[in-house]
Amino acid sequence: MTTISLTPVHLLAGLGVLVTLLWIWRASVRRARRAADVAWQSARLASLAGRVLVTAGLIVGVQWVVVRYAAGNLTALLVALGVPALFAAHTLTRALTISTYDARPRRGGGRR
């Protein structure tokens, strides 16, 4: 049988290679996680934009039908044009409203 004899230099070199491989592996995992987060956020944005466009198309289609075929009926015209305007106004008002938290800071920086 042959015996394996390692010098301290060989042990340190092996440990250095192992630590370097571990460091490279962790960096690649972090990079992959960042790329996945960016892809998820962009897909989420595209999904939101698609839903907004489909909903806007449906609203415009219904409004066009009402304006085209029920032009003499004032109530139908007001409902077809007014209800989507109310929803849009509510959404824009909530999105553009600034709410702040104006409590005095606590000692130690914590918040209850």
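The values are calculated or read from the model by the stated rules, or taken from the named source; none is laboratory data. Please read these numbers as outputs of a predicted model, since none were measured by experiment. Here the Cβ positions follow ideal geometry from the backbone for every residue, glycine too, while neighbour counts run over all protein chains shown.
Would you check if there is a residue in the stretch 8-27 being within 24 Å of the chain's Cα centre (by Cα) and surrounded by 10 or more Cβ atoms within 10 Å (Cβ to Cβ)?
Start the filter on the stretch 8-27 by keeping residues that are within 24 Å of the chain's Cα centre (by Cα), which leaves 27.
Subsequent filtering for residues that are surrounded by 10 or more Cβ atoms within 10 Å (Cβ to Cβ) retains 27.
Looking for residues that are within 24 Å of the chain's Cα centre (by Cα) and surrounded by 10 or more Cβ atoms within 10 Å (Cβ to Cβ), one finds at least one in the stretch 8-27, hence yes.
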Residue 46 farther than 30 Å from residue 80 by Cα and not basic (Lys, Arg): no
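Would you mention how many residues in the stretch 1-46 are assigned to a loop (DSSP other than H, G, I, E, B) and among the aliphatic types (A, V, I, L, M)?
Number of matching residues: 3.
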Return the pairs, sorted by first residue and then second, in which the second residue is polar (S, T, N, Q) and in a helix (DSSP H, G or I), the first residue lies in the stretch 70-87 and is modelled with pLDDT of 85 or more, the beta carbons are less than 9 Å apart, and the residues are 6+ apart or on different chains. 80/63; 81/63; 84/63
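Filter the stretch 49-68 down to the residues that are within 21 Å of the chain's Cα centre (by Cα) and among the aliphatic types (A, V, I, L, M), then identify the one that is farthest from residue 82 (Cα to Cα). Walk me through it before giving the result.
Let us first name the residues in the stretch 49-68 that are within 21 Å of the chain's Cα centre (by Cα), namely 49-55.
From what is left, the residues that are among the aliphatic types (A, V, I, L, M) are 49, 52-54.
Numbers: 49: 23, 52: 19, 53: 19, 54: 19 Å.
Within the stretch 49-68, the match that is farthest from residue 82 (Cα to Cα) is 49.
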